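Shown next, in structure tokens, is the structure this report addresses.
The values are calculated or read from the model by the stated rules, or taken from the named source; none is laboratory data. Predicted, not measured: the structure shown is a model, and the values here were computed from it. Heads up, the Cβs are rebuilt from the backbone with ideal geometry, glycines too, and the neighbour counts pull from every protein chain shown.
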Amino acid sequence: MELGDRTLVMGILNATLDSFSDGGQLATAEAAVAYGLGLYKAGADWVDVGAESTRPGAARVDLEEEMRRIVPVVEGLRRGGAGPISVDTTRAEVARAALDAGADLVNDVSGFRFDPSMAALVAERGVPAVLMHSRGRFEELHRDPAYRDVAREVVAELGETVARAESAGVPRERLIIDPGIGFAKDAAHSLEALGRLRALEALDRPVLVGPSRKSFIGKVLDAPVGRRLMGTAAAVAAAVMLGAHVVRVHDVGEMVEVVRVCDAILEAGAPVR
Ligand code: PMM
């Protein structure tokens, strides 16, 4: 995967029973595989397979259950000729099983905080990883902590996360950073973290942003999850114009169009050399 030439679209495949936005329609592995292959057809550059919902109030899925949901989906996607696959997990054992089943990279919403073995696994396998900003333990991911300056604090904390990963043996070049829209942030924090996305340039790593259907959009529009498509389009457009390299979205076909137009505008406005 080339990062930087054009914005990549990561499609979301939640093989969960209670994900906030697809309502558990993907409860069987076959349904999840078919859905995931459809995301590549719709233009996804990469599909993110997760089985533990991180929506507000969600309970932890136990380790065996998380593996039981993820592994057959990754295997099925591979057999079906899928492109790049990431595994959205905070547990090294689940990541290991998914990498063995054919996943290409790890997406960890805890930035390697929840499982001390995750960094070593990523180092040992030589795979890339997405390190997302969050605070607190699993049950606290959606608490609204206090920030004095959300953009600066996210940059500082992600900087520490990157440094910890490097000292565990993961080369910096393999890391992608993510401000964690909606995680340990209220709507105002999420809007500011997105609006000041350029602050992340200080860390000199590719940036992934996941605004899709999230509650900050619901707050601005006073709209339930099912009516956040245009709000998501606006947030994706803003992220691309402010320097995102990858956007993580549910509505792949629609957001591929948004991203293409933003990329064309960026290209047309690029400084003349
Ligand atoms: N958001 C969710 C889950 N995983 N991973 C990354 N890197 N960034 C995100 O913003 C992110 C994530 C929660 O949304 P979902 O339940 O719709 O997947």
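Going through the stretch 226-272 one residue at a time, which ones are at pLDDT 95 or above and in a loop (DSSP other than H, G, I, E, B)?
Residues satisfying the conditions are Arg228, Leu242, Gly243, Ala244, His245, His250, Asp251.
Tell me which residues, restricted to the stretch 182-225, are closer than 15 Å to His245 by Cα, part of a loop (DSSP other than H, G, I, E, B) and within 15 Å of the ligand (Cβ to nearest atom).
Arg205, Pro206, Gly210, Pro211
I'm trying to understand the selection: among the residues of the stretch 28-56, which are over 19 Å from the mean Cα position of the chain (by Cα) and either farther than 14 Å from Ala15 by Cβ or outside any helix (DSSP H, G or I) (or both)?
Thr28, Lys41
Counting just the residues of the stretch 57-72 that are in a helix (DSSP H, G or I) and within 18 Å of the chain's Cα centre (by Cα), which one comes out surrounded by the most Cβ atoms within 10 Å (Cβ to Cβ)?
Of all residues in the stretch 57-72, those in a helix (DSSP H, G or I) come to 63-72.
Filter again for within 18 Å of the chain's Cα centre (by Cα), leaving 66, 70.
Values: Glu66: 24, Ile70: 29.
Per the criteria, the residue is Ile70.
Can you name every residue in the stretch 165-181 that is away from the ligand (no atom under 14 Å from the Cβ), touching a residue at least 12 places away in the same chain (Cβ under 8 Å) and in contact with a helix residue (DSSP H, G or I) (Cβ under 7 Å, 6 or more places away or on another chain)?
Ala165, Ala168, Gly169, Val170, Arg172
Taking the stretch 220-273, which residues are buried (at least 16 other Cβ atoms within 10 Å of the Cβ), of a type in the set (D, E, K, R) and within 15 Å of Ala44 (Cα to Cα)?
Arg248, Asp251, Glu254 - these are the residues of the stretch 220-273 that are buried (at least 16 other Cβ atoms within 10 Å of the Cβ), of a type in the set (D, E, K, R) and within 15 Å of Ala44 (Cα to Cα).
Can you find even one residue in the stretch 207-220 that is of a type outside the set (D, E, K, R), at negative phi, in contact with a Pro (Cβ under 7 Å, 6 or more places away or on another chain) and touching a residue at least 40 places away in the same chain (Cβ under 8 Å)?
No.
Does Glu166 satisfy the criteria of being among the acidic types (Asp, Glu), within 18 Å of the chain's Cα centre (by Cα) and within 30 Å of Glu124 (Cα to Cα)? Give the steps one after another, and end with the answer.
Details: among the acidic types (Asp, Glu): yes; within 18 Å of the chain's Cα centre (by Cα): no; within 30 Å of Glu124 (Cα to Cα): yes.
For Glu166, the condition - among the acidic types (Asp, Glu), within 18 Å of the chain's Cα centre (by Cα) and within 30 Å of Glu124 (Cα to Cα) - is not met.
Cβ-Cβ distance below 9 Å, separation of 6 or more or different chains: which pairs start in the stretch 72-87 with a residue that is under 23 Å from Leu131 (Cβ atoms) and end on one that is among the polar types (S, T, N, Q)?
Ser86/Asn107; Val87/Asn107
Is it the case that some residue within the stretch 88-109 is at positive phi and either of a type outside the set (Phe, Trp, Tyr) or part of a strand (DSSP E or B) (or both)? If you could, list the steps in order and put the result at the bottom.
From the stretch 88-109, those at positive phi are 102; that's our starting set.
Still in the running and either of a type outside the set (Phe, Trp, Tyr) or part of a strand (DSSP E or B) (or both): 102.
Yes, some residue in the stretch 88-109 is at positive phi and either of a type outside the set (Phe, Trp, Tyr) or part of a strand (DSSP E or B) (or both).
Take the stretch 92-104 and flag every residue that is in contact with a helix residue (DSSP H, G or I) (Cβ under 9 Å, 6 or more places away or on another chain) and surrounded by fewer than 23 Cβ atoms within 10 Å (Cβ to Cβ). Spell out the reasoning first.
Residues of the stretch 92-104 that are in contact with a helix residue (DSSP H, G or I) (Cβ under 9 Å, 6 or more places away or on another chain), as a first pass: 92-103.
Passing the criteria: Ala92, Glu93, Arg96, Ala97, Leu99, Asp100, Ala101, Gly102.
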